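Asker: Got a structure for you, written out below as C-alpha coordinates; questions coming shortly.
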Amino acid sequence: MHLVGLQAENFRNFSTVQLSFAKHTNLITGSNGSGKSNLIELIYYALFSRSFKTSEDMNLLHWKESYLRTQIEFQRDGVDKTVVVSFNSNKEKKVLLNNIPEKFSVLFRESSVIVFSPSTSQLVKGLPSVRRKWLDRILVRVDREFTSILYSYQQTLRNRNALIKRKLIQKEDYDLYDLLTTNLVSLSSLIRKGRQDLIKMINAVISPTVSKMDLPMFSSIELKYYHSRMMEDPSLLAKEEIKRGGTLIGAHLDQIEIFHGDASVRDFSSEGEQKLISFCLKLCEFDLIQVKTKNSPVCLIDDLFSELDEDRAQLLFKYVSSVSQTIFTDLTGRLIEADKVIPLTREENTICLP
Ligand SMILES: Nc1ncnc2c1ncn2[C@@H]1O[C@H](COP(=O)(O)OP(=O)(O)O)[C@@H](O)[C@H]1O
Ligand SMILES: [Mg+2]
(Lines give C-alpha, C1' and ligand atoms only; values in the text may rest on other atoms or scores of the structure.)
(Ligands and ions follow the chains in the order given, each with its own letter.)
Protein backbone atom coordinates (compact mmCIF):
# COMPACT_ATOMS: atom_id res chain seq x y z
CA MET A 1 0.00 0.00 0.00
CA HIS A 2 1.14 3.60 -0.45
CA LEU A 3 -0.12 7.08 0.35
CA VAL A 4 -0.74 9.41 -2.57
CA GLY A 5 -1.90 12.76 -1.20
CA LEU A 6 -3.02 14.59 1.91
CA GLN A 7 -5.09 17.71 2.48
CA ALA A 8 -5.99 19.15 5.85
CA GLU A 9 -7.30 22.23 7.58
CA ASN A 10 -6.75 23.31 11.19
CA PHE A 11 -4.86 20.27 12.47
CA ARG A 12 -2.60 21.22 15.44
CA ASN A 13 -0.07 23.86 14.29
CA PHE A 14 -1.18 23.64 10.63
CA SER A 15 -3.93 25.81 9.25
CA THR A 16 -3.59 24.33 5.75
CA VAL A 17 -1.79 21.25 4.42
CA GLN A 18 -1.72 20.14 0.83
CA LEU A 19 0.82 17.47 -0.05
CA SER A 20 1.57 14.62 -2.38
CA PHE A 21 3.86 11.74 -1.39
CA ALA A 22 6.67 10.00 -3.24
CA LYS A 23 6.04 6.27 -3.59
CA HIS A 24 9.17 5.28 -1.65
CA THR A 25 10.93 7.66 0.75
CA ASN A 26 9.61 10.95 2.13
CA LEU A 27 11.58 13.10 4.55
CA ILE A 28 9.90 15.70 6.78
CA THR A 29 12.54 18.09 8.01
CA GLY A 30 12.58 21.24 10.13
CA SER A 31 13.78 22.64 13.44
CA ASN A 32 12.30 21.77 16.84
CA GLY A 33 8.68 22.80 17.09
CA SER A 34 8.18 23.18 13.33
CA GLY A 35 5.47 20.47 13.26
CA LYS A 36 7.28 17.29 12.13
CA SER A 37 5.66 15.06 14.76
CA ASN A 38 2.31 16.77 14.19
CA LEU A 39 2.49 15.89 10.51
CA ILE A 40 3.14 12.20 11.32
CA GLU A 41 0.18 12.29 13.72
CA LEU A 42 -1.93 14.01 11.05
CA ILE A 43 -1.24 11.25 8.51
CA TYR A 44 -2.27 8.60 11.03
CA TYR A 45 -5.39 10.55 12.02
CA ALA A 46 -6.39 11.07 8.40
CA LEU A 47 -6.21 7.30 7.77
CA PHE A 48 -7.85 6.03 10.96
CA SER A 49 -9.83 9.01 12.33
CA ARG A 50 -7.90 8.63 15.59
CA SER A 51 -4.66 9.93 16.95
CA PHE A 52 -2.04 7.56 18.35
CA LYS A 53 -1.08 10.24 20.88
CA THR A 54 -4.29 11.57 22.37
CA SER A 55 -7.80 10.25 22.82
CA GLU A 56 -9.13 13.84 22.83
CA ASP A 57 -9.81 15.12 19.32
CA MET A 58 -10.32 18.60 20.81
CA ASN A 59 -6.54 18.77 21.38
CA LEU A 60 -6.06 18.42 17.63
CA LEU A 61 -7.96 21.57 16.67
CA HIS A 62 -5.65 24.38 15.59
CA TRP A 63 -5.71 26.94 18.44
CA LYS A 64 -9.14 28.54 18.77
CA GLU A 65 -10.49 27.08 15.50
CA SER A 66 -13.90 25.44 15.56
CA TYR A 67 -13.33 22.58 13.11
CA LEU A 68 -10.72 20.41 11.45
CA ARG A 69 -10.87 18.45 8.26
CA THR A 70 -8.50 15.87 6.79
CA GLN A 71 -8.53 14.04 3.49
CA ILE A 72 -6.07 11.36 2.48
CA GLU A 73 -5.76 9.38 -0.73
CA PHE A 74 -4.00 6.02 -0.84
CA GLN A 75 -3.67 3.04 -3.09
CA ARG A 76 -3.91 -0.57 -2.00
CA ASP A 77 -3.74 -3.57 -4.33
CA GLY A 78 -4.08 -1.15 -7.25
CA VAL A 79 -7.35 0.33 -5.91
CA ASP A 80 -7.59 4.07 -5.07
CA LYS A 81 -9.24 4.96 -1.77
CA THR A 82 -10.03 8.20 0.02
CA VAL A 83 -10.78 8.84 3.69
CA VAL A 84 -12.27 12.15 4.80
CA VAL A 85 -12.52 13.02 8.49
CA SER A 86 -14.19 16.11 9.88
CA PHE A 87 -14.48 17.12 13.51
CA ASN A 88 -15.81 20.26 15.18
CA SER A 89 -15.74 21.93 18.57
CA ASN A 90 -19.22 20.52 19.35
CA LYS A 91 -17.42 17.15 19.24
CA GLU A 92 -19.26 16.05 16.10
CA LYS A 93 -17.19 13.74 13.94
CA LYS A 94 -17.83 12.43 10.46
CA VAL A 95 -15.77 9.76 8.72
CA LEU A 96 -16.17 8.86 5.07
CA LEU A 97 -14.40 6.08 3.21
CA ASN A 98 -14.88 6.58 -0.53
CA ASN A 99 -17.80 8.90 0.32
CA ILE A 100 -19.55 6.32 2.53
CA PRO A 101 -19.76 6.73 6.34
CA GLU A 102 -17.50 4.18 8.03
CA LYS A 103 -16.46 3.00 11.47
CA PHE A 104 -12.97 3.07 12.99
CA SER A 105 -12.70 -0.74 12.97
CA VAL A 106 -13.22 -0.78 9.18
CA LEU A 107 -10.65 1.97 8.60
CA PHE A 108 -8.24 0.02 10.71
CA ARG A 109 -8.36 -2.87 8.27
CA GLU A 110 -8.47 -0.74 5.12
CA SER A 111 -5.00 0.64 5.45
CA SER A 112 -1.85 -0.70 6.94
CA VAL A 113 0.57 1.51 8.83
CA ILE A 114 3.34 0.99 11.37
CA VAL A 115 4.45 3.93 13.52
CA PHE A 116 7.97 4.11 14.94
CA SER A 117 8.19 7.06 17.33
CA PRO A 118 9.65 8.11 20.67
CA SER A 119 6.64 6.44 22.33
CA THR A 120 7.62 3.08 20.79
CA SER A 121 9.82 2.41 23.83
CA GLN A 122 6.64 2.34 25.96
CA LEU A 123 6.13 -1.12 24.50
CA VAL A 124 8.79 -2.32 26.92
CA LYS A 125 8.75 0.38 29.59
CA GLY A 126 5.04 1.12 29.71
CA LEU A 127 2.15 -0.38 31.64
CA PRO A 128 0.83 -3.86 30.74
CA SER A 129 -2.10 -2.18 28.96
CA VAL A 130 0.32 -0.84 26.30
CA ARG A 131 1.43 -4.39 25.42
CA ARG A 132 -2.12 -5.78 25.49
CA LYS A 133 -3.30 -3.02 23.16
CA TRP A 134 -0.33 -3.62 20.88
CA LEU A 135 -1.15 -7.33 20.51
CA ASP A 136 -4.87 -6.65 20.09
CA ARG A 137 -4.24 -4.08 17.36
CA ILE A 138 -2.08 -6.53 15.42
CA LEU A 139 -4.77 -9.19 15.76
CA VAL A 140 -7.53 -6.83 14.62
CA ARG A 141 -5.57 -6.27 11.41
CA VAL A 142 -4.90 -9.92 10.63
CA ASP A 143 -7.95 -11.71 12.06
CA ARG A 144 -11.49 -10.50 11.36
CA GLU A 145 -13.03 -12.84 13.93
CA PHE A 146 -10.82 -11.42 16.68
CA THR A 147 -12.27 -7.95 16.01
CA SER A 148 -15.81 -9.07 16.79
CA ILE A 149 -14.65 -11.07 19.84
CA LEU A 150 -12.82 -8.03 21.19
CA TYR A 151 -15.81 -5.80 20.54
CA SER A 152 -18.17 -8.22 22.38
CA TYR A 153 -15.68 -8.45 25.22
CA GLN A 154 -15.48 -4.67 25.63
CA GLN A 155 -19.25 -4.38 25.58
CA THR A 156 -19.68 -7.19 28.14
CA LEU A 157 -17.08 -5.60 30.38
CA ARG A 158 -18.79 -2.20 30.19
CA ASN A 159 -22.19 -3.73 31.07
CA ARG A 160 -20.72 -5.79 33.89
CA ASN A 161 -18.89 -2.77 35.37
CA ALA A 162 -22.08 -0.69 35.21
CA LEU A 163 -24.01 -3.45 36.98
CA ILE A 164 -21.37 -3.78 39.71
CA LYS A 165 -21.45 -0.01 40.26
CA ARG A 166 -25.21 -0.30 40.88
CA LYS A 167 -24.25 -2.74 43.68
CA LEU A 168 -26.36 -5.81 42.68
CA ILE A 169 -29.42 -5.15 44.81
CA GLN A 170 -32.16 -7.31 43.30
CA LYS A 171 -32.28 -10.99 42.37
CA GLU A 172 -32.46 -10.07 38.66
CA ASP A 173 -29.20 -8.16 39.09
CA TYR A 174 -27.53 -11.37 40.25
CA ASP A 175 -28.98 -13.34 37.31
CA LEU A 176 -27.63 -10.77 34.88
CA TYR A 177 -24.31 -10.68 36.75
CA ASP A 178 -23.97 -14.49 36.39
CA LEU A 179 -24.78 -14.32 32.69
CA LEU A 180 -22.27 -11.51 32.08
CA THR A 181 -19.63 -13.42 34.09
CA THR A 182 -20.13 -16.54 31.96
CA ASN A 183 -19.82 -14.45 28.77
CA LEU A 184 -16.77 -12.62 30.06
CA VAL A 185 -15.02 -15.89 30.94
CA SER A 186 -15.71 -17.53 27.60
CA LEU A 187 -14.74 -14.41 25.60
CA SER A 188 -11.58 -14.11 27.74
CA SER A 189 -10.46 -17.57 26.72
CA LEU A 190 -10.89 -16.69 23.02
CA ILE A 191 -8.94 -13.46 23.45
CA ARG A 192 -6.21 -15.29 25.34
CA LYS A 193 -5.96 -17.90 22.62
CA GLY A 194 -5.57 -15.19 19.96
CA ARG A 195 -2.94 -13.32 21.96
CA GLN A 196 -1.00 -16.45 22.90
CA ASP A 197 -0.93 -17.70 19.29
CA LEU A 198 0.33 -14.28 18.22
CA ILE A 199 3.02 -14.32 20.92
CA LYS A 200 4.21 -17.69 19.59
CA MET A 201 4.51 -16.16 16.11
CA ILE A 202 6.34 -13.11 17.43
CA ASN A 203 8.76 -15.27 19.45
CA ALA A 204 9.44 -17.27 16.30
CA VAL A 205 10.38 -14.20 14.23
CA ILE A 206 12.41 -12.36 16.88
CA SER A 207 15.66 -14.03 15.97
CA PRO A 208 15.57 -13.24 12.21
CA THR A 209 14.30 -9.74 13.01
CA VAL A 210 17.09 -8.81 15.42
CA SER A 211 19.62 -9.97 12.87
CA LYS A 212 18.21 -7.36 10.43
CA MET A 213 19.25 -4.72 12.93
CA ASP A 214 22.54 -6.48 13.65
CA LEU A 215 21.57 -7.18 17.25
CA PRO A 216 22.45 -10.87 17.73
CA MET A 217 22.59 -10.37 21.51
CA PHE A 218 18.81 -9.98 21.52
CA SER A 219 18.00 -13.21 19.67
CA SER A 220 16.88 -14.83 22.93
CA ILE A 221 14.25 -12.17 23.66
CA GLU A 222 10.98 -13.84 24.51
CA LEU A 223 7.43 -12.64 25.25
CA LYS A 224 5.48 -14.43 27.97
CA TYR A 225 1.77 -14.26 28.68
CA TYR A 226 0.33 -14.30 32.21
CA HIS A 227 -3.33 -14.83 32.98
CA SER A 228 -4.86 -12.56 35.57
CA ARG A 229 -6.51 -14.38 38.45
CA MET A 230 -9.11 -17.00 37.59
CA MET A 231 -12.72 -17.38 38.71
CA GLU A 232 -12.93 -17.83 42.42
CA ASP A 233 -15.92 -18.51 44.63
CA PRO A 234 -18.63 -16.51 42.76
CA SER A 235 -20.21 -15.00 45.88
CA LEU A 236 -16.84 -13.86 47.24
CA LEU A 237 -15.98 -12.44 43.85
CA ALA A 238 -19.21 -10.44 43.70
CA LYS A 239 -18.59 -9.02 47.18
CA GLU A 240 -15.07 -7.95 46.33
CA GLU A 241 -16.06 -6.49 42.97
CA ILE A 242 -18.81 -4.39 44.62
CA LYS A 243 -16.29 -3.20 47.20
CA ARG A 244 -13.70 -2.29 44.54
CA GLY A 245 -16.31 -0.91 42.10
CA GLY A 246 -15.40 -2.93 38.98
CA THR A 247 -14.59 -6.23 37.28
CA LEU A 248 -11.61 -8.05 38.78
CA ILE A 249 -11.32 -10.99 36.37
CA GLY A 250 -10.77 -11.33 32.65
CA ALA A 251 -8.41 -10.90 29.72
CA HIS A 252 -8.31 -7.10 30.11
CA LEU A 253 -6.16 -7.65 33.21
CA ASP A 254 -3.68 -10.15 31.74
CA GLN A 255 0.00 -9.30 31.60
CA ILE A 256 2.60 -9.67 28.88
CA GLU A 257 6.21 -9.55 30.00
CA ILE A 258 9.35 -9.43 27.88
CA PHE A 259 12.37 -11.48 28.91
CA HIS A 260 16.00 -11.46 27.88
CA GLY A 261 17.16 -14.87 29.02
CA ASP A 262 15.78 -15.14 32.55
CA ALA A 263 15.69 -11.40 33.25
CA SER A 264 12.70 -9.14 32.74
CA VAL A 265 13.64 -6.47 30.22
CA ARG A 266 11.51 -3.90 32.05
CA ASP A 267 13.33 -4.46 35.34
CA PHE A 268 16.89 -5.20 34.24
CA SER A 269 17.75 -3.85 30.77
CA SER A 270 19.25 -0.40 30.32
CA GLU A 271 17.24 2.47 28.88
CA GLY A 272 19.10 2.12 25.56
CA GLU A 273 18.54 -1.64 25.42
CA GLN A 274 14.85 -1.15 26.15
CA LYS A 275 14.60 1.23 23.20
CA LEU A 276 16.36 -1.21 20.87
CA ILE A 277 14.16 -4.11 22.01
CA SER A 278 11.01 -2.01 21.52
CA PHE A 279 12.06 -1.14 17.98
CA CYS A 280 12.86 -4.82 17.28
CA LEU A 281 9.36 -5.75 18.46
CA LYS A 282 7.85 -3.14 16.15
CA LEU A 283 9.89 -4.61 13.34
CA CYS A 284 8.42 -8.05 14.19
CA GLU A 285 4.99 -6.42 13.90
CA PHE A 286 6.01 -5.02 10.51
CA ASP A 287 7.14 -8.46 9.28
CA LEU A 288 4.05 -10.25 10.58
CA ILE A 289 1.60 -7.73 9.12
CA GLN A 290 3.40 -7.95 5.83
CA VAL A 291 3.21 -11.75 5.73
CA LYS A 292 -0.35 -12.04 7.06
CA THR A 293 -1.93 -9.31 4.94
CA LYS A 294 0.33 -9.88 1.89
CA ASN A 295 0.78 -6.12 1.86
CA SER A 296 3.60 -3.82 2.90
CA PRO A 297 2.52 -1.40 5.62
CA VAL A 298 3.41 2.27 5.21
CA CYS A 299 6.05 3.17 7.81
CA LEU A 300 5.67 6.44 9.69
CA ILE A 301 8.96 7.07 11.47
CA ASP A 302 9.29 9.98 13.87
CA ASP A 303 12.67 11.05 15.28
CA LEU A 304 14.42 7.73 14.67
CA PHE A 305 17.87 9.28 14.90
CA SER A 306 17.25 10.75 18.32
CA GLU A 307 15.96 7.37 19.56
CA LEU A 308 18.55 4.92 18.22
CA ASP A 309 22.26 5.14 17.53
CA GLU A 310 23.05 6.09 13.96
CA ASP A 311 24.08 2.61 12.76
CA ARG A 312 20.95 0.87 14.06
CA ALA A 313 18.73 3.66 12.81
CA GLN A 314 20.30 3.34 9.34
CA LEU A 315 19.80 -0.45 9.35
CA LEU A 316 16.17 -0.17 10.39
CA PHE A 317 15.53 2.56 7.86
CA LYS A 318 17.24 0.65 5.02
CA TYR A 319 15.26 -2.48 5.77
CA VAL A 320 11.78 -0.94 5.98
CA SER A 321 12.33 1.45 3.09
CA SER A 322 13.48 -1.40 0.85
CA VAL A 323 10.00 -2.94 1.05
CA SER A 324 7.64 -0.11 2.07
CA GLN A 325 6.74 3.49 1.54
CA THR A 326 8.36 5.41 4.39
CA ILE A 327 7.59 8.85 5.74
CA PHE A 328 10.16 9.90 8.29
CA THR A 329 11.19 12.99 10.22
CA ASP A 330 14.64 14.31 10.91
CA LEU A 331 15.88 17.63 12.28
CA THR A 332 18.40 18.30 9.57
CA GLY A 333 17.80 15.60 6.98
CA ARG A 334 21.56 15.26 6.56
CA LEU A 335 21.70 11.58 7.51
CA ILE A 336 19.36 10.02 4.98
CA GLU A 337 18.51 10.77 1.38
CA ALA A 338 14.88 10.74 0.32
CA ASP A 339 12.91 10.85 -2.92
CA LYS A 340 10.88 13.73 -1.57
CA VAL A 341 11.71 16.34 1.05
CA ILE A 342 8.95 18.16 2.96
CA PRO A 343 10.67 21.15 4.62
CA LEU A 344 8.84 22.79 7.54
CA THR A 345 9.57 26.15 9.09
CA ARG A 346 8.55 27.32 12.53
CA GLU A 347 6.82 30.46 11.25
CA GLU A 348 4.83 28.93 8.40
CA ASN A 349 1.66 27.02 9.31
CA THR A 350 0.73 26.34 5.72
CA ILE A 351 2.33 23.54 3.69
CA CYS A 352 1.58 23.33 0.04
CA LEU A 353 3.79 20.99 -1.98
CA PRO A 354 2.99 19.28 -5.29
N1 LIG B 1 -3.73 22.16 18.79
C2 LIG B 1 -2.66 22.87 18.46
N3 LIG B 1 -2.78 24.06 17.82
C4 LIG B 1 -1.70 24.78 17.47
N5 LIG B 1 -0.44 24.41 17.71
C6 LIG B 1 -0.24 23.23 18.34
C7 LIG B 1 -1.34 22.41 18.73
N8 LIG B 1 -0.83 21.29 19.33
C9 LIG B 1 0.50 21.44 19.30
N10 LIG B 1 0.87 22.60 18.72
C11 LIG B 1 2.22 23.13 18.49
O12 LIG B 1 2.83 22.49 17.42
C13 LIG B 1 4.22 22.78 17.47
C14 LIG B 1 5.01 21.72 16.72
O15 LIG B 1 5.05 20.52 17.46
P16 LIG B 1 5.81 19.20 16.93
O17 LIG B 1 5.13 18.66 15.74
O18 LIG B 1 5.91 18.32 18.10
O19 LIG B 1 7.22 19.77 16.50
P20 LIG B 1 8.53 18.97 16.02
O21 LIG B 1 8.20 17.52 15.98
O22 LIG B 1 8.87 19.53 14.69
O23 LIG B 1 9.58 19.30 17.03
C24 LIG B 1 4.54 22.96 18.95
O25 LIG B 1 5.10 24.23 19.12
C26 LIG B 1 3.18 22.88 19.63
O27 LIG B 1 3.02 23.86 20.63
MG1 LIG C 1 8.96 15.91 17.05
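Asker: Multiply the residue separation of E145 and L253 by 0.36 nm, subtract the distance between their alpha-carbon atoms, and state the gained length in nm to one decimal.
Answerer: 36.8 nm
Asker: Right, next: Quote the relative contact order of the chain in percent (integer), defining contacts as alpha-carbon pairs under 8 Å separated by 6+ residues.
Answerer: Answer for the chain is 30 percent.
Asker: If a paramagnetic tag sat 7 Å from the Cα of K167 along the Cα-Cβ line, which residues of segment 242-263 would have the backbone N under 11 Å from that point?
Answerer: Residues 243 fall inside that zone.
Asker: Further question: With a Förster radius of 45 Å, plug the Cβ-Cβ distance of D309 and L176 into 1/(1 + (r/R0)^6) and report the FRET value to the nearest 0.05.
Answerer: 0.20
Asker: Could you work out the per residue convex hull volume over the alpha carbons of segment 192-273, in cubic angstrom?
Answerer: Convex hull of Cα atoms, per residue: 123 Å³.
Asker: Also, quick follow-up: So how tilted is helix 234-244 from the main axis of the chain? Cα-based, degrees 0 to 90, rounded to 10.
Answerer: The angle comes out at about 50 degrees.
Asker: Here is a further query. Calculate the FRET efficiency for R76 and Q155 from the Cβ-Cβ distance with a Förster distance of 41 Å, rounded to the nearest 0.05.
Answerer: Approximately 0.85, to the nearest 0.05.
Asker: Next question, about the same structure. So what's segment 277-332 giving for Cα Rg divided by 2.2 N^0.38 Å, two decimals?
Answerer: Against the compact-globule rule of thumb, the ratio is 1.11.
Asker: If we sort 107-118, 151-162 on the protection proxy, mean other Cβ atoms within 10 Å, highest first, what's the order?
Answerer: So the order, starting with the most tightly packed, is 107-118, 151-162.
Asker: To the nearest 10 square angstrom, how much accessible area does H227 have with a 1.4 angstrom probe?
Answerer: Number for this one is 90 Å².
Asker: Okay, moving on. Based solely on C-alpha atoms, express the radius of gyration and the Dmax of segment 2-138 in angstrom.
Answerer: Cα only, segment 2-138: 15.1, 40 Å (Rg, Dmax).
Asker: By how many degrees, 0 to 90 and rounded to 10, does the Cα axis of helix 310-323 deviate from the longest principal axis of the chain?
Answerer: So the inclination is approximately 90 degrees.
Asker: I need the phi-derived Karplus couplings for segment 193-198: 6.51 cos²θ - 1.76 cosθ + 1.60, θ = phi - 60°, integer Hz, Gly and Pro marked x.
Answerer: Listing the rounded values in order: 4, x, 5, 5, 4, 5 Hz.
Asker: What list of ³J(HN,Hα) values in whole Hz, one per residue of segment 75-91 in order, does the Karplus curve 6.51 cos²θ - 1.76 cosθ + 1.60 (θ = phi - 60°) give from phi, with Gly and Pro shown as x?
Answerer: With coefficients 6.51, -1.76 and 1.60, one gets 10, 9, 6, x, 9, 7, 9, 10, 10, 10, 10, 10, 9, 10, 5, 8, 6 Hz.
Asker: If one computes the Cα centroid of segment 319-353 and of segment 61-85, what distance in Å separates the two points?
Answerer: Value for the Cα centre distance between the two parts: 19 Å.
Asker: What number, in nm² with one decimal, is the all-direction average of the projected area of the convex hull of the alpha-carbon atoms of the chain?
Answerer: Hull-based average projected area comes out at 19.5 nm².
Asker: If we count every other residue with Cβ under 15 angstrom of K165's Cβ, Lys/Arg +1 and Asp/Glu -1, where does the sum land?
Answerer: +4
Asker: Quick one: angle between helix 36-48 and the longest Cα principal axis of the chain, in degrees between 0 and 90, rounded to 10, please.
Answerer: 60 degrees
Asker: Also, I was wondering about something else. What is the diffusion coefficient of segment 96-183 in µm²/s, taking the Kirkwood radius over Cα pairs and the Stokes-Einstein relation at 20 °C with a viscosity of 1.002 mPa s?
Answerer: Taking Rh from Cα pairs, D becomes 134 µm²/s.
Asker: A further question follows. Per residue, what accessible area does the chain have, given a 1.4 Å probe and all protein chains present, in Å²?
Answerer: 48 Å²
The values are calculated or read from the model by the stated rules, or taken from the named source; none is laboratory data. Because the structure is predicted, anything quoted here is derived from the model rather than measured. Quick reminder, even Gly has a Cβ in these numbers, built from the backbone with ideal geometry, and neighbours come from all protein chains shown. Only protein heavy atoms, including side chains, enter the accessible area calculation; ligands, DNA and RNA are left aside. Shrake-Rupley method; radii C 1.70, N 1.55, O 1.52, S 1.80 Å.
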